[in-house]
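The values are calculated or read from the model by the stated rules, or taken from the named source; none is laboratory data. The structure presented is a predicted model; accordingly, all values stated were derived computationally and were not measured. A quick note on method: Cβ atoms are made from the backbone with ideal geometry, for glycine too, and the neighbour counts reach across all protein chains shown. Please note that ligands, DNA and RNA were not included when accessible areas were found on the heavy atoms of the full protein model with its side chains. Shrake-Rupley method; radii C 1.70, N 1.55, O 1.52, S 1.80 Å.
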Amino acid sequence: MAEWLKRGATSEARADSDRKVRDTVEAILADISARGDAAVRELSVKFDGWDRDSYRLTAAEIQDCIDQLPAQALKDIEFAQVQVRNFARIQRESMQDVEVETLPGVVLGHRHIPVNAAGCYVPGGKYPLLASAHMSVITAKVAGVPRVVTCAPPFQGRPAPAIVAAQAMAGADEIWCLGGIQAVGAMALGTASMAAVDMLVGPGNAFVAEAKRQLFGRVGIDLFAGPTETLVIADEIGADGELCATDLLGQAEHGPDSPAILLTTSRALAEDTMREVERLLGILPTAEIARRAWDSFGEVIVAEDDAEMVRIADDIASEHVQVMTRDPDYFLQHMTNYGALFLGARTNVSYGDKVIGTNHTLPTKKSARFTGGLWVGKFLKTCTYQRVLTDSASTMIGEYCSRLCALEGFAGHGEQANIRVRRHGGRNIPYAGVAGPLLAAE
């Protein structure tokens with residue numbers, strides 16, 4: 001049976017925190033819905049200390065941000081974007097429109113149709129997370145979305161040059177310097193200055209994630225992407241304490257509410273990792289945030305064997321799962337609930353976050369039980385169609401449909417079938433509401 005050497009916050013404490021976030025977001029979204037741009041401006045001033053005539057950046061401002069970056073930074077952004085675009089294109093090419101004659105004279109098909117407008121949120125309050133621009137804008141554009149809007153908060157009192165450059169290089173059609181609930185609410189609800197979008201994507205803090213949850217239904221969303229989560233699965237063959245501690249704290253620095261969990265079959269490795277965590281927290285520049293996350297949400301679990309680690313990992317359903325064991329493929333073959341797997345000590349979550357090409361917008365808060373991460377398919381609606389080519393096919397399908405409608409008591413539905421049987425099959429069938437549909441097969 002597994003043993004917890006360290007536990008995070010209780011479910012009751014997390015529920016109380018979630019409740020406070022939910023109430024705050026609900027009130028703010030109602031205000032944006034009622035007052036539009038005025039509410040957005042007040043919120044931007046209140047939360048970001050940021051005000052200007054228009055929050056949408058001009059072409060000259062965008063170019064100025066690009067010009068501020070050194071040549072190597074632009075090359076590095078370009079390299080990352082090439083990787084993301086390449087994998088997104090491979091994913092898109094795997095999704096084919098289909099049309100097939102399933103019965104003589106009956107043709108069925110589907111088309112993958114992109115949404116008309118997508119809003120991409122790029123976090124940037126604590127750190128200028130330019131990688132989120134690659135992951136959302138490029139993926140939307142590869143999917144064929146005609147209008148892509150981006151919002152990112154100001155960084156140190158101005159638009160973050162790296163984020164703006166990444167948004168522009170990725171192909172964003174509108175770039176806004178606006179953050180938090182006010183950005184997500186403006187994109188989804190629309191204001192006098194910003195036309196509403198059809199879909200919201202991108203990671204964010206607890207408030208942004210809750211805003212997306214409450215707006216779902218009014219617009220589509222990619223998934224529930226809240227505070228970053230990481231799970232390190234390791235044994236004494238695949239990793240050591242320094243490596244495990246580095247990978248845990250490397251994600252804990254995202255924010256004070258970011259869970260970081262070690263799951264191992266080795267008590268020695270678990271204890272060594274906890275010692276290394278304390279050592280690294282003494283030298284890590286982002287230790288203040290990472291410490292709060294580790295103290296409140298860090299966990300260390302010792303399991304009996306790999307099979308138990310799989311069961312525990314699937315229950316946790318973590319956003320990121322770093323596997324450093326003697327046989328990483330065992331977890332690829334057996335795990336079912338995760339946002340993304342990072343297999344072996346040569347790779348790590350940071351590669352996926354920044355540059356390797358897979359998408360870093362991934363499910364959190366156990367939503368990996370029912371969804372994967374952001375990809376081109378999230379921007380596409382798979383829409384079906386049907387075509388009946390012959391009178392005989394319409395008659396044959398119509399007779400089945402008529403009898404099935406009778407079983408359900410849907411006379412109007414039945415008559416939709418009956419009228420076609422009369423016209424295309426020459427059958428003298430009374431109106432369904434008077435004499436009933438076809439009750440017996442011929």
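For this structure, a couple of remarks:
- Scope region 228-250; condition open to solvent by less than 10 Å² (accessible area, probe 1.4 Å) and either free of Cβ contacts under 8 Å to residues at least 24 places away in the same chain or not in a loop (DSSP other than H, G, I, E, B) (or both); matching residues: 230, 231, 232, 233, 234, 241, 244, 245, 248, 249
- Matching residues in region 31-47 - criterion: being open to solvent by less than 60 Å² (accessible area, probe 1.4 Å) and in contact (Cβ under 8 Å) with a residue 60 or more places away in the chain: 32, 36, 37, 39, 40, 43, 44
- Residue check, residue 225 part of a helix (DSSP H, G or I), open to solvent by less than 20 Å² (accessible area, probe 1.4 Å) and either on the phi < 0 side of the Ramachandran plot or not aromatic (Phe, Trp, Tyr) (or both): no
- Helices (runs of 4 or more DSSP H) enclosed by region 146-221 - at least 2 residues per element that are under 19 Å from residue 28 (Cα atoms) and within 21 Å of the chain's Cα centre (by Cα): 180-189, 206-215
- Across region 85-103, the qualifying residues are those that are in a loop (DSSP other than H, G, I, E, B) and not hydrophobic (A, V, I, L, M, F, W, C), and the one among them that is nearest to the chain's Cα centre (by Cα) is 94.
- Residue-level analysis places residue 310 among those that are more than 30 Å from residue 199 (Cα to Cα), touching a residue at least 24 places away in the same chain (Cβ under 8 Å), surrounded by fewer than 23 Cβ atoms within 10 Å (Cβ to Cβ) and β-branched (Val, Ile, Thr).
- Among residues of region 104-116 that are in contact (Cβ under 8 Å) with a residue 60 or more places away in the chain and assigned to a loop (DSSP other than H, G, I, E, B), those with a Cβ under 8 angstrom from a residue that is among the hydrophobic types (A, V, I, L, M, F, W, C) and crowded, with 16+ Cβ neighbours inside 10 Å, sequence gap 6+ or separate chain, pair up as 104/393; 105/388; 105/393; 115/145; 115/199; 115/379; 115/380; 116/145.
- Condition check for residue 379: open to solvent by 60 Å² or more (accessible area, probe 1.4 Å), among the hydrophobic types (A, V, I, L, M, F, W, C) and at pLDDT 95 or above: no
- Scan of region 344-365 for residues that are aliphatic (A, V, I, L, M), surrounded by 21 or more Cβ atoms within 10 Å (Cβ to Cβ) and in a loop (DSSP other than H, G, I, E, B), ordered by number: 362
- Selection of region 49-65 for residues being touching a Cys at 6+ places or on another chain (Cβ under 9 Å) and either more than 21 Å from residue 37 (Cα to Cα) or in a helix (DSSP H, G or I) (or both) yields only 61.
- Within the set 28, 77, the sole residue that is within 23 Å of residue 161 (Cα to Cα) and either in contact with a Ser or Thr (Cβ under 6 Å, 6 or more places away or on another chain) or crowded, with 18+ Cβ neighbours inside 10 Å (or both) turns out to be 77.
- Scanning region 51-93 for residues that are small (Gly, Ala, Ser) and more than 30 Å from residue 112 (Cβ to Cβ) yields 54, 59, 60, 71, 73.
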